[in-house]
1. Using θ = phi - 60° and the Karplus form 6.51 cos²θ - 1.76 cosθ + 1.60, what ³J(HN,Hα) does each residue of the range 246-251 get, whole Hz, x for Gly and Pro?
2. Can you give the FRET efficiency for residue 42 and residue 200, using 1/(1 + (r/R0)^6), R0 = 35 Å, r = Cβ-Cβ distance, to the nearest 0.05?
3. Show me the ranking of peptides 211-218, 91-98, 8-15, 46-53 by mean Cβ neighbours inside 10 Å, starting with the highest.
4. Apply the a/c threshold of 1.5 to the C-alpha gyration tensor of the range 1-66 and tell me whether it is rounded, prolate or oblate.
5. Can you figure out the FRET efficiency of residue 257 with residue 89, using R₀ = 41 Å and their beta-carbon distance, to the nearest 0.05?
6. Please work out how much length the chain gains when fully extended from residue 11 to residue 189, using 0.36 nm per residue of separation minus the C-alpha to C-alpha distance, in nm with one decimal.
7. Along the range 224-238, what does the Karplus equation 6.51 cos²θ - 1.76 cosθ + 1.60 (θ = phi - 60°) give for ³J(HN,Hα), rounded to whole Hz, x for Gly and Pro?
8. Using a 7 Å offset from the Cα along the Cα-to-Cβ direction at both residue 237 and residue 158, what is the distance between the two label points in nm, to one decimal?
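Read-outs throughout are calculated quantities, based only on the coordinates presented, and are distinct from any laboratory measurement. It should be emphasised that the depicted structure is a prediction, and the values quoted were computed from it without experimental measurement. Glycine gets a Cβ as well: all are built from the backbone with ideal geometry, and neighbour counts include every protein chain shown.
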Amino acid sequence: TTKPNPTRTPNIILIGSDGVTADHLPMYGYERDTTPFMSTIIDQALVAESNYAQTGSSWGSLIAMFTSKLPTRTRVVNLPDALIGDDSYQHLPGILEEVGYTNIDITYERYANASLANVRNGFDRINGKEVNSNPLVARLGKVLPVNSQYNLDLLLERITDRVKHIFFIQIMPNPFKEVNTLTGRKDATSRIPEMMEYVNHGDQPFFIHVHLLGTHGPNYKTTSKTFSQGREQTKDFEVDFYDDAIVDFDTYIRDLFTAL
């Protein structure tokens, strides 16, 4: 087969915020303006009026978007599910890679990391790290049974993380703590700057996928105080703090549009 030769290679950014529901967005009738910027561009946008999540988890839904295949086919619903066989190579990032795109994945470890879902030959950089499979692992993966390369990569990564941690070279991340207690929960602290750095200075054409968790409950560490002014969150899923988390996401989108 011959490689496709597209006449257009626009830069592509796929950005989402976990846990945002339509009934808290003004374009779907919500009384609060949680998206002051996006509301101004709604007439230029394609708005889905009948959109259905493919699973109840970010993991399965993101893989469904990347592959255009239902979870009932790929068997990827939640951790630790992973793509196997041909499904590991049949996805949007892989198609873009073939026609010259540089692909960047910016997510939270253990929640939406494409490499853990065995998305192979798709991304050049994942969460600040270059994707370079160990040559020995790649060779072994070709002769061992299906999914062997994925398992070997995962094993090598876990060994490396633990050895670095033991010798105080690099502290192992604690995904649960990061999402639930640390200031790293604020998406702007690392993920937004990484995206903006690549938008401004990265190789083109690029495909950047960004998955944010600032709107994921039950607790919200928000910059915006539009609806929660002067208050501290005292119980799970408080609406005023949730809506402010959506305002934060809207601000990220505004800043991205401004940069572009």
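1. 5, 4, 4, 4, 4, 5
2. Efficiency, from the Cβ-Cβ distance: 0.85.
3. 211-218, 91-98, 8-15, 46-53
4. Values: a/c = 2.87, a/b = 1.52, b/c = 1.89.
The shape class here is oblate.
5. The value I calculate is 0.75.
6. Numbers: separation 178, 0.36 × 178 = 64.08 nm, distance 2.39 nm.
The span from residue 11 to residue 189 would gain 61.7 nm if fully extended.
7. After applying 6.51 cos²θ - 1.76 cosθ + 1.60, I find 5, 10, 4, 10, 10, 3, x, 10, 10, 5, 10, 9, 5, 6, 5 Hz.
8. Placing both labels 7 Å beyond Cα along the Cβ direction yields 3.3 nm.
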